[in-house]
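Reviewing the structure listed below.
The values are calculated or read from the model by the stated rules, or taken from the named source; none is laboratory data. Keep in mind the model is a prediction, meaning the values are calculated, not measured. So basically every Cβ, Gly included, is an ideal-geometry build from the backbone, and we count neighbours across all protein chains shown.
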Amino acid sequence: MSDGAPGSPSLAAARKGVTREKTSHAPAGRWTLALWHVAILAVVFGVWYALTTPGIVDAAYANRIAFFFGRPLEVIKVVIAWFVSGKIYPHLAITLWETLLAFAIGSVLGLVIGLWLALSPTASAIAEPYITALNAMPRVILAPIFAVWFGLGVLSKVALGVTLVFFIVFFNVYQGVKEVSPVVLANARMLGASRQQLLRSIYLPSATSWVFSSLHTSVGMAFVGAVVGEYLGSAKGVGYLILQAEGVFDINTVIAGIVVLTIFALLLDFAVTKIEARLLVWRPRTAQTESL
Amino acid sequence: MNATAHAAAPARSAAPALAFERVTCAFAGKNAGERYTAVADTSLVVGDGEFVSVVGPTGCGKSTLLNVAAGLLAPSAGRTLVAGEPLSGINARAGYMFQADALMPWRSALGNVSAGLQFRGVARDVAAARAREWLARVGLTGFENGYPHQLSGGMRKRVALAQMLILDPEILLMDEPFSALDIQTRQLMENELLDLWSSNRKSVLFITHDLEEAIALSDRVIVLSAGPATHPIGEFAIDLPRPRDVAEIRLSPRFVELHEAIWHVLKSEVLKGYAQGKRSAQ
């Protein structure tokens, strides 16, 4: 697939591919795996705690390390305080809203323009160098321009997210249309489909299936756009919290913000997986049997 | 766009259902100026209600001929007549059953069978009801909501058959439709096809590389030469009694006689095609 964009959660998929190839190497059981996951987390926290606690490590070193890395218990305290006081919710809501808007607008634009260019060779030939140039450009650098255009509110973050999401969706739709099976297409034509009906019942479903397959990446990118936008200048959002804390060297709050964002991104990814499974029921899955 | 052609009651005229008149198909080769002639100067007629099979060595341009009949491919020279009228654009009187899987993977069996009616503007529930009937007729009751990947190869072929027949086309174009099936499923499908065909005699142009299948099903068998520049080199009327059972008819002495006679013509072409394939592989 063409989504080589960063942040695509392909590890699980890649692992599945590996285990399928060598079935003799059965993967560890579910609980063993969970145990490993928890153990690694505990070790990381343990080392982090030990290195930043005076008494375990020499106080001078511990404080210096804590200045750069924060203290785990302080971080957890900040996170709990955020949720208990409810202070985090409006910020999370803004970030989520920006993410969803950027994702929706970017996807629709990518779908429409992708379909148009894929079905019109002339338009695609004319647009090609510009698409390539825009895609090659590091688009995060547009954030200051968007801030000037759209102010420090939600819009500038959405605009940044849209530029990130658009290209992922665009290239997937373009690919999806190009890869429509010629036999399926010929069959629909023989069944009497008009050009418009071909668009609706062949090209669009084929293209959307590619959009869905890049859902993880594009939602992730919308999230990146929102947070980076907030970080570069805003009055609300989790990125703003991090920016504020950084300004006063409150490393614990910075890390707390990162932890919240990570957990939030995981939840978002989980939701996407659920939606994907619902929307792509027609997709063949590689393994159909279930162990009893 | 095809609504009118299908709505009008087919005028059973004296003109053959389908006729190729000196059809030639040439494709641009890999290098500039190079040309590959797939089909050369082919004339062929499918009578009204006739079941005609075309056999030939693999890669001899049989599918090209069928694509021309469907209107998916315009011939380089010559013309195609459908019920006496020259064909331009898609052949709206024909249904096409492809060799490869041609079902829409994102539609259920029911959605696939009703697709053609929906394209013609038939109301969704009416189309669904008729699709259900057709699925029952090809023995797929209970599989309406299955997606193509959940169905077996034989079931997918049945869906494709229902998808084509629900539109009640006058001409059936079939491109080795059962070649991917195992022998038992294949004979079942062939018998089903004969049953459906005999109930309302459509004109059929059936492409296959399997001579036994061709004889068992057809009224007439046409043998094509090895490619390039494929053209008909023999024509045999199959005077076996109908109704036929494709498994049993293979044992009748007349079948064996016909098989021998046609194979005599086909054999040298198959060997030629094999030699060419070997040469181009080297």
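General observations
- Hey, A:Met190 among the hydrophobic types (A, V, I, L, M, F, W, C), under 25 Å from A:Pro90 (Cβ atoms) and either crowded, with 24+ Cβ neighbours inside 10 Å or within 14 Å of chain B (Cβ to nearest Cβ) (or both) or not: no
- Region A:194-210, subset surrounded by fewer than 17 Cβ atoms within 10 Å (Cβ to Cβ) and more than 18 Å from A:Val108 (Cα to Cα), residue nearest to the other protein chains (Cβ to nearest Cβ): A:Ser194
- Number of residues in region A:117-130 that are loosely packed, with under 11 Cβ neighbours inside 10 Å and under 23 Å from A:Leu164 (Cβ atoms) equals 2.
- Filter pass, B:Ala77 being surrounded by 24 or more Cβ atoms within 10 Å (Cβ to Cβ) and either among the hydroxyl-bearing types (Ser, Thr, Tyr) or touching a strand residue (DSSP E or B) at 6+ places or on another chain (Cβ under 9 Å) (or both): no
- Of all residues in region A:193-220, none that is within 19 Å of A:Lys178 (Cβ to Cβ) has its Cβ atom under 8 Å from the Cβ atom of a residue that is at pLDDT below 80 and surrounded by 22 or more Cβ atoms within 10 Å (Cβ to Cβ), 6 or more apart or on another chain.
- In region B:192-206, residue surrounded by the most Cβ atoms within 10 Å (Cβ to Cβ) [restricted to those that are touching a helix residue (DSSP H, G or I) at 6+ places or on another chain (Cβ under 9 Å) and not aromatic (Phe, Trp, Tyr)]: B:Leu205
- Applying a threshold of 9 Å to beta carbon distances and a minimum spacing of six or more residues, or different chains, the list of pairs starting in region A:176-191 at a residue that is in the same structural domain as A:Trp116 (by TED's automatic domain parsing) and ending at one that is basic (Lys, Arg) reads A:Leu191/B:Arg120.
- Pair list, Cβ under 9 Å, 6 or more apart: region B:159-186 residue under 19 Å from B:Asn145 (Cα atoms), other residue among the hydroxyl-bearing types (Ser, Thr, Tyr) and at pLDDT 90 or above: B:Gln163/B:Ser114; B:Met164/B:Tyr96; B:Ile166/B:Ser114
- Members of region B:197-218 that are in a helix (DSSP H, G or I), under 25 Å from B:Thr80 (Cβ atoms) and modelled with pLDDT under 90: B:Trp197
- Count of residues meeting criterion [of a type in the set (D, E, K, R), under 15 Å from the mean Cα position of the chain (by Cα) and assigned to a helix (DSSP H, G or I)] in region B:149-185: 2
- Residues that are at the interface with chain A (Cβ under 7 Å from one of its Cβ atoms), part of a helix (DSSP H, G or I) and farther than 20 Å from B:Pro177 by Cβ within region B:98-139 comprise just one, B:Phe119.
Yes/no matrix, rows are residues, columns are (1) at pLDDT 90 or above; (2) more than 16 Å from the chain's Cα centre (by Cα):
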position: B:Gly84; (1), (2): no, yes
position: B:Gly89; (1), (2): no, yes
position: B:Met97; (1), (2): yes, no
position: B:Ala123; (1), (2): yes, yes
position: B:Glu133; (1), (2): yes, yes
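- Region A:160-187 - residue that is in contact with a Leu (Cβ under 8 Å, 6 or more places away or on another chain) and of a type in the set (Gly, Ala, Ser) and, of those, surrounded by the most Cβ atoms within 10 Å (Cβ to Cβ): A:Gly161
- Residue in region A:100-109 that is surrounded by fewer than 16 Cβ atoms within 10 Å (Cβ to Cβ) and among the aliphatic types (A, V, I, L, M) present: yes
- Residues of region A:131-146 satisfying the condition of being crowded, with 16+ Cβ neighbours inside 10 Å and at pLDDT 90 or above: A:Phe146
- Members of region A:178-187 found to be more than 7 Å from chain B (Cβ to nearest Cβ) and of a type in the set (Gly, Ala, Ser), listed by number: A:Ser181
- A:Gly229 being buried (at least 18 other Cβ atoms within 10 Å of the Cβ) and not aliphatic (A, V, I, L, M): yes
- Enumeration of residues in region A:252-263 that are surrounded by fewer than 18 Cβ atoms within 10 Å (Cβ to Cβ) and in contact (Cβ under 8 Å) with a residue 40 or more places away in the chain: A:Val259
- Residue selected from region A:211-240 under the condition more than 14 Å from chain B (Cβ to nearest Cβ) and among the polar types (S, T, N, Q), by the criterion nearest to A:Ala143 (Cα to Cα): A:Ser234
- Among the residues of region A:29-38, the one identified as among the hydrophobic types (A, V, I, L, M, F, W, C), exposed (fewer than 11 other Cβ atoms within 10 Å of the Cβ) and more than 26 Å from the chain's Cα centre (by Cα) is A:Trp31.
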